[in-house]
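Student: Okay, here's the structure, questions in a sec.
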Amino acid sequence: MNRVDQVFADLKAAGKKALVPYITGGDPKPGMTVELMHTLVESGADIIELGVPFSDPMADGPTIQLACERALEHNTGLKDILAMVKTFREVDEKTPVVLMGYLNPVEVMGYETFAHNCLEAGVDGVLLVDMPPEESVNVAPIFDEKGLKTIYLLAPTTPEKRAKLICEHGSGYLYYVSVKGVTGSAALDIDDVASNLARIRDKTDLPLGVGFGIKDGETAAKVAQVADAVIVGSALVKCIEKQPNDLGAIKSDLSAIIREMRQAMDAN
């Protein structure tokens, strides 16, 4: 069983929800990423979304755009990200890792080579923002053959017909964008999220993760009441941005946020 499926099955049996933190690989420095990944797991993370730095992250707000810039300053590329996952796997064989990014670096590497390298490194899933199901007909089977989950985005504005298509083609889990806008957006209407998730659940048995606008234990707990996974990114990346040269301080801040969210989610 794929690690993603196993984690959701285990959490469901335990009556818990998944906590899925995002960080950008190579931010603030490539040598720090693996250690930060371990810190997230030790603090309560169930799945890690690891961002692949890209020069034009169009779906991301200023916080993650700057994270990509910091990583790119060190020439961090897709091969480096895969090497980080491989190093992470030397210690952690259990925690799922999902690569999140954009299509261009994958196209440059080649879909089959990318899928093979993901398998070798220990990657469990891929979320490519600019590869919707309509454009992944020839790609998704290549990923599936290597055991990679193909994760798609849904938004409050996704029409019913397209939501059905996404639900039919997605695997692992679906990522519901809780607010209109880019990553780091502020407003989070939990009633609206609950209503939209109910609409999506009619079309799929896949776990539903919710991201955007989740900043602390309170918002994480509210989302956990209606979703299968809580996804947090910008709140963590801001910790890295605040003190990029102090690994100890970054680890402490990331740990505090994840522990607070884990405790609040489990209390519900």
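We did not get these values from a lab; they are worked out from the coordinates using the rules stated. Quick caveat: nothing in here was measured; it's all calculated off a predicted structure. Every residue, glycine among them, receives a Cβ derived from its backbone with ideal geometry; neighbour counts consider all protein chains shown.
Student: Any idea which of (1) under 26 Å from A224 (Cβ atoms); (2) not in a loop (DSSP other than H, G, I, E, B) is the one L188 doesn't satisfy?
Tutor: (2)
Student: Checking the conditions here, which among I257, I200 is farther than 22 Å from A155 by Cβ and touching a strand residue (DSSP E or B) at 6+ places or on another chain (Cβ under 8 Å)?
Tutor: Testing whether each residue is farther than 22 Å from A155 by Cβ and touching a strand residue (DSSP E or B) at 6+ places or on another chain (Cβ under 8 Å) leaves just I257.
Student: Report the residue count in the stretch 110-140 for those that are among the charged types (D, E, K, R) and either more than 21 Å from L174 (Cα to Cα) or part of a helix (DSSP H, G or I) (or both).
Tutor: Selection size over the stretch 110-140: 4.
Student: Pull up the stretch 110-162, narrow it to residues that are touching a His at 6+ places or on another chain (Cβ under 8 Å) and polar (S, T, N, Q), then point me to the one that is farthest from V34 (Cα to Cα).
Tutor: Once the filter is applied, the top-ranked residue is S136.
Student: If you check V232 against the conditions, is it closer than 21 Å to A71 by Cβ and within 17 Å of the chain's Cα centre (by Cα)?
Tutor: Answer is yes for this residue.
Student: Under the condition of being in a helix (DSSP H, G or I) and of a type in the set (V, I, T), which residue from the stretch 93-109 is farthest from the chain's Cα centre (by Cα)?
Tutor: V108
Student: Go through the residues of the stretch 195-215 one by one and say whether even a single one is over 21 Å from A9 (Cα atoms), surrounded by 17 or more Cβ atoms within 10 Å (Cβ to Cβ) and among the polar types (S, T, N, Q).
Tutor: yes
Student: Taking helices (runs of 4 or more DSSP H) that do not extend beyond the stretch 1-92, which have at least 1 residues that are within 15 Å of V237 (Cα to Cα) and of a type outside the set (A, V, I, L, M, F, W, C)?
Tutor: By residue number, 33-43, 62-73.
Student: Restricting the first residue to the stretch 144-160 and requiring it to be acidic (D, E), which pairs with a second residue that is in a loop (DSSP other than H, G, I, E, B) meet a Cβ separation below 8 Å and a spacing of at least six or different chains?
Tutor: Partner pairs satisfying both residue conditions: D144/S171.
Student: Considering each of V106, V85 in turn, give the residue that is within 18 Å of V20 (Cβ to Cβ), in contact (Cβ under 8 Å) with a residue 24 or more places away in the chain, surrounded by 15 or more Cβ atoms within 10 Å (Cβ to Cβ) and of a type outside the set (S, T, Y).
Tutor: V85
Student: Looking only at the stretch 253-263, filter to residues that are touching a Ser or Thr at 6+ places or on another chain (Cβ under 9 Å) and more than 15 Å from I48 (Cβ to Cβ); which one of those is surrounded by the fewest Cβ atoms within 10 Å (Cβ to Cβ)?
Tutor: A256
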